[in-house]
Amino acid sequence: MNLKLWLPILALGLLVGWALVEPSVVRGGEVSSNLAYKVLDPIRQGNLTVFPVVAARSYDTQQFLTLDEGVRSGEVVVTEAGNAAPLVRPRHSHPVPQWQQGPGAQVNQLVLINNSKRPLILLAGEIVTGGKQDRVIGKDRIIPPESDPIDLGVFCVEPGRWTGASAKFDSMNSAMAQPAVRAKAMASKDQAQVWDEVRKAQAAVAGNLEVNAAAPVRETSSYARVMQVPGVAKQVDSVADPIQHSYQSLIGQLRDQNAVGVVVAVNGQIVWADLFASTSLLEKYWPKLVRSYAAEAVVTKAKGYEVGTKQAQAFLEHLDGRHETVDSEPGLYRHTEISGDGFRAFELTSLLPKTGFDLHVAKMAE
C-alpha cells in the first residue's frame, strides 16, 4: 500500500493510543469524572477496611491553613459567642485583635477569628473542646485571612454539661467525630440527633469495655474525652495504628500517583469516603481521620461480609444526585450538598484566585 496513505492512519492510531493510556485530567471546580479517582487494594484491620484512593491529578494546597495548625500556632482563636463582639481590626499596634464580653454563651454558637495571613479550612466533624461544652463543626468551609469574628457553625457533642471547663478552646489534634456523628451534623443538621448519636457511641463503648474500665466512660458526657479514656483509646489505637502506619507508608510510595483519600467500610458495609485536593492535605488530616474510622469500627461489633475493590470504586463514581443545594461565598468558596439514592455527598470548592478546585469531598452512605 502507498506509504502516503499509511502515515495518516498510523498517526491517528498513535493519538488514540495516547488518549487511552493518559490519565484523565479534571479541570478545577468540576465534579469528578469516572476516571478521576481510582480505588486501590484495601487495608484491613479487624472489622475496618480502608481503600486508598489515587487521583488523576493533584493541586497546590500550600496556601491553606488547617484548624490544628492555626490553633497550635495561636493564629486561630475560638471562643464562646458571648465572649466576642464585632471589632475593628487594629492593623499595626496590636497583632491580635481584642474582643469584648458579650451577652452570654449559647449551645450552637462559637466564634472563630483567623488572625493568620492564610485562608483557613474547616472540615465538618472536627471537634473543638473547652468552654461550656465540646462542639463539632457542622459544615466544610473556608475562612478568609485576617477575618473578623465569625459564627463557627457547630453542634454540641457533650450533652449534660453547661459550665466552663476551660475558657480556652483546643482542636485536640486527634479529635474528629466518627462517621455516624459527622453524618448527623452534616446531613441531618439537628442538635437532638447529634446528641442521640453521641449517646449511642458512648453506650456502645462502655458496653464493649471491661466493667472496671467502663466507669470513666460513664463519668463524662464529653464525646472527645470518652475516646481518650485509656481503655477506649487502647481499643481505638489497636484498629487505627496498623492502618495508619500501613497507609502512611503507602502514601509515600504513591506520592507520584497522587494518593488523595480513602473509601471506608465497616463490617463489610461501605459507610464513607474522604477525598482531598492533594496528597499533602490528606497527610495533614490522616491521623485524626483514621482514628475516627477506627472509633466507628470499635462501636460496631457485628461481623459482616468483606467488601471488595469493585464495590468501593462504584461507590466513589456514583455522584449523580436527585437534588443539589449550593451555598457560596463569592470569591471564597462554594459548598455543594448532593442528595442521591442511598447516599449524600458534600463538595467544598475553593473560589480563591488561581484555585477553582475541590478542596475536600465527603460522601456518606445512607
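Readers should treat all values here as calculations from the given coordinates under stated rules, not as data from a laboratory. Note that the structure is predicted; figures quoted are calculated from it, not measured. Counting neighbours? That spans all protein chains shown, and the Cβs are built from the backbone with ideal geometry, glycine included.
Listed values, structure above:
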item: Computed lengthening from ASP341 to ILE150, 0.36 nm per intervening residue step minus Cα-Cα distance; result: 65.3 nm
item: Förster-model FRET efficiency, 22 Å R0, LEU332 and ASP190, C-beta, rounded to 0.05; result: 0.25
item: Relative packing of peptides 289-297, 67-75 - highest average C-beta neighbours within 10 Å first; result: 289-297, 67-75
item: Segment LYS354-GLU324, length gained on full extension (0.36 nm per residue, minus Cα span); result: 8.3 nm
item: Pairwise FRET efficiency - ARG72 versus GLN253, Cβ, R0 = 30 Å, nearest 0.05; result: 0.60
item: Under 12 Å, Cβ to Cβ, from SER246 - net charge with Lys/Arg +1 and Asp/Glu -1; result: -1
item: Net lengthening on full extension, ALA233/SER246 (0.36 nm per residue, minus Cα-Cα); result: 2.8 nm
